[in-house]
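**Student:** Encoded as structure tokens, here's the structure I'll be asking about.
The values are calculated or read from the model by the stated rules, or taken from the named source; none is laboratory data. Here the structure is a predicted model, which is why all the values come from computation and not from measurement. Neighbour counts run over all protein chains shown; Cβ positions are idealised from the backbone, glycine included. For the accessible areas, the whole protein counts, side chains as well, though only heavy atoms, and no ligand, DNA or RNA atoms are used. Shrake-Rupley method; radii C 1.70, N 1.55, O 1.52, S 1.80 Å.
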Amino acid sequence: MLLQVTHDTTYRYMPAVETAQHMAYMQPREHASQLVLDHVLLINPQPAQMRNIADVYGNARCFFSLQTPHEVLSVVAHSLVSTSASDIITSLLPWEKVREMFRYQAGNRFDAASEFVFPSPFVPRHIEFAAYARASFTPGVPLLNACTDLMERIHTGFTYESQSTQINTPALQALAQRKGVCQDFSHIMIACLRTLGLPARYVSGYVLTHPPEGQPRLVGSDASHAWVSVYLPDLPESNRWVDFDPTNNRWGWHAPGEDYVTVASGRDFGDVSPLRGVIHGGASHTLAVGVTVAPVGENTVLEAGMRQSQSQSQSQSQSQSQSQGQTQTQSQSQSQNQS
């Protein structure tokens, strides 16, 4: 499946921001079922400094610095991705055996997945999570079956309600009120698994939605999405992470389906927030976010915008290169004068 994604973020500040440092996680990552064919990131005002660096989990992140006063920050990411469905693989490994594999014992071989057993800022361990999970994790049940059951219970037992929680709403509060959004449901499922001693990580990305029959897809009407990835150590190394989406009750290897686009994975939302940073100034701000996910060929306006963005990105890169070249020349001249 060929999918095009546009993620448009606009901040408006009052008063103006003097300087800013930002980190963006908007470039999809590649895996066995996903190939990134193109990615363009447009930033206005033009950054004084911009570089792409992989983080500790292998996610693509973009750091950029703004050194001029600005009242508006616009960040637009255009991506073209090819996705495919993965074969279903069976795992019968009981969940208790996986838990024992990740108990600390001197001399045990290190497994990088062990990092996802520990609590993190948005995903604490708590007895309430274990109590909720117990109905799914009965003795001897394969981990894959238990996770599928837990996902289904969250999907049917919780209400999806926009604005019912905030970014910083504790997972324990969302568990108690039995409602929230995809981020909450993912944090709850991860907390249930980690409290039982099982490795699970948070995944950010997008999912293709379908407009009402007979109506066109509205540009900017989608949103970023989140789901859960669980580690099954008995499978081949390239297939050990299995993805579960409690919001939509879907699961699969590498992604819950070929209509999903994976962007990044980490311990929780805090590791893979689409855009975060530190600003000097801008006492108050408003935020507008628009996301569009569409099959290639469906939305000619979106495709025209992506072609224009590619041209603008090339111009921006050339301008940055010239600016950096001038800076290096000035620095060399200053060094020679000092000598």
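**Student:** So which residues in region 34-68 are under 30 Å from residue 258 (Cβ atoms), in contact (Cβ under 8 Å) with a residue 24 or more places away in the chain and of a type in the set (Val, Ile, Thr), if there are any at all?
**Tutor:** Correct list: 36, 40.
**Student:** May I ask you to say which residue of 274, 212, 199 is closer than 23 Å to residue 52 by Cα and of a type outside the set (Lys, Arg)? Steps first, answer last, please.
**Tutor:** On the way: 212 fails: closer than 23 Å to residue 52 by Cα; 199 fails: closer than 23 Å to residue 52 by Cα.
274 is the lone residue from the list that is closer than 23 Å to residue 52 by Cα and of a type outside the set (Lys, Arg).
**Student:** Can you confirm whether residue 162 is open to solvent by 60 Å² or more (accessible area, probe 1.4 Å) and in a loop (DSSP other than H, G, I, E, B)? Reasoning before the result, please.
**Tutor:** Values: open to solvent by 60 Å² or more (accessible area, probe 1.4 Å): yes; in a loop (DSSP other than H, G, I, E, B): yes.
Spelling it out, residue 162 is indeed open to solvent by 60 Å² or more (accessible area, probe 1.4 Å) and in a loop (DSSP other than H, G, I, E, B).
**Student:** Please find, within region 85-119, the residue that is nearest to residue 143 (Cα to Cα) out of those that are hydroxyl-bearing (Ser, Thr, Tyr) and touching a strand residue (DSSP E or B) at 6+ places or on another chain (Cβ under 8 Å). Before the answer, list the steps.
**Tutor:** First, pick out the residues of region 85-119 that are hydroxyl-bearing (Ser, Thr, Tyr): 86, 90-91, 104, 114.
From the residues that got through so far, the ones that are touching a strand residue (DSSP E or B) at 6+ places or on another chain (Cβ under 8 Å) too are 86, 91.
Numbers: 86: 19, 91: 8 Å.
Taking the candidates together, the pick is 91.
**Student:** Considering each residue of region 125-148, count those that are open to solvent by 10 Å² or more (accessible area, probe 1.4 Å), within 24 Å of the chain's Cα centre (by Cα) and closer than 18 Å to residue 229 by Cβ, and give that number. Write out each step before concluding.
**Tutor:** We begin by selecting, within region 125-148, every residue open to solvent by 10 Å² or more (accessible area, probe 1.4 Å); these are 125-128, 130-132, 134-135, 138-142, 144-145, 148.
Pick out the ones that are also within 24 Å of the chain's Cα centre (by Cα) and you get 125, 144, 148.
Then drop every residue that is not closer than 18 Å to residue 229 by Cβ, which leaves 144, 148.
Looking only at that region, the number is 2.
**Student:** Would you pick out the residues in region 72-95 that are assigned to a strand (DSSP E or B) and touching a residue at least 60 places away in the same chain (Cβ under 8 Å)?
**Tutor:** So the first thing to find is which residues in region 72-95 are assigned to a strand (DSSP E or B), and the list is 72-83, 94.
If the condition is that a residue be assigned to a strand (DSSP E or B) and touching a residue at least 60 places away in the same chain (Cβ under 8 Å), then 72, 73, 74, 75, 76, 77, 78, 79, 80, 81, 82, 83 are the ones that fit.
**Student:** Can you pull out the residues in region 134-178 that are aliphatic (A, V, I, L, M) and within 21 Å of residue 240 (Cβ to Cβ)? Talk me through it step by step, then tell me what you get.
**Tutor:** Of all residues in region 134-178, those aliphatic (A, V, I, L, M) come to 135, 141, 143-144, 146, 150-151, 154, 167, 171-172, 174-176.
The answer is 141, 143, 144, 146, 150, 151.
**Student:** Same structure again: Are there strands (runs of 3 or more DSSP E) fully within region 169-249 with at least 1 residues that are touching a strand residue (DSSP E or B) at 6+ places or on another chain (Cβ under 8 Å), hydroxyl-bearing (Ser, Thr, Tyr) and open to solvent by less than 10 Å² (accessible area, probe 1.4 Å)? List them. Working first, answer last.
**Tutor:** On the way: elements: 200-207, 225-231, 241-245.
Strands (runs of 3 or more DSSP E) meeting the threshold: 200-207, 225-231.
**Student:** When you scan region 96-116, how many residues do you find that are part of a loop (DSSP other than H, G, I, E, B) and charged (D, E, K, R)? Full working, then the answer.
**Tutor:** Narrowing region 96-116 to residues part of a loop (DSSP other than H, G, I, E, B): 102-111.
Then keep just the ones that are charged (D, E, K, R); that gives 103, 109, 111.
So the count comes out to 3.
**Student:** Just to be sure I understand the filter: pairs with C-beta atoms under 7 Å, separated by 6 or more residues or on different chains, first member in region 98-109 and closer than 10 Å to residue 198 by Cβ, second member part of a loop (DSSP other than H, G, I, E, B). Which pairs pass?
**Tutor:** 98/198; 98/233; 99/196; 99/197; 99/198; 101/233; 102/197; 102/199
**Student:** I need every pair where a residue in region 120-145 that is part of a loop (DSSP other than H, G, I, E, B) has its Cβ under 7 Å from the Cβ of a residue that is among the aromatic types (Phe, Trp, Tyr) and open to solvent by 20 Å² or more (accessible area, probe 1.4 Å), sequence separation at least 6 or different chains.
**Tutor:** Short answer, once both residue conditions are applied: 122/269.
**Student:** Does at least one position in region 47-58 carry a residue that is touching a Pro at 6+ places or on another chain (Cβ under 6 Å) and at pLDDT 95 or above? Reasoning before the result, please.
**Tutor:** Within region 47-58, the subset touching a Pro at 6+ places or on another chain (Cβ under 6 Å) is none.
No, because not a single residue in region 47-58 is touching a Pro at 6+ places or on another chain (Cβ under 6 Å) and at pLDDT 95 or above.
**Student:** Restricting to region 40-61, count the residues that are open to solvent by 50 Å² or more (accessible area, probe 1.4 Å) and assigned to a strand (DSSP E or B).
**Tutor:** 7
**Student:** When only residues in region 21-39 that are polar (S, T, N, Q) and under 23 Å from residue 238 (Cβ atoms) count, which is surrounded by the most Cβ atoms within 10 Å (Cβ to Cβ)? Let's see the steps before the verdict.
**Tutor:** Initially, region 21-39 is screened for residues polar (S, T, N, Q), giving 21, 27, 33-34.
Subsequent filtering for residues that are under 23 Å from residue 238 (Cβ atoms) retains 27, 33-34.
Working: 27: 19, 33: 19, 34: 22.
So, considering only residues that are polar (S, T, N, Q) and under 23 Å from residue 238 (Cβ atoms), the one surrounded by the most Cβ atoms within 10 Å (Cβ to Cβ) is 34.
**Student:** If you scan region 250-273, which residues turn out to be in contact (Cβ under 8 Å) with a residue 24 or more places away in the chain, over 17 Å from residue 142 (Cβ atoms) and assigned to a strand (DSSP E or B)? Working first, answer last.
**Tutor:** First, pick out the residues of region 250-273 that are in contact (Cβ under 8 Å) with a residue 24 or more places away in the chain: 251-273.
Right, trim to over 17 Å from residue 142 (Cβ atoms) and you get 254-273.
Correct list: 260, 261, 262, 263, 264, 265, 266.
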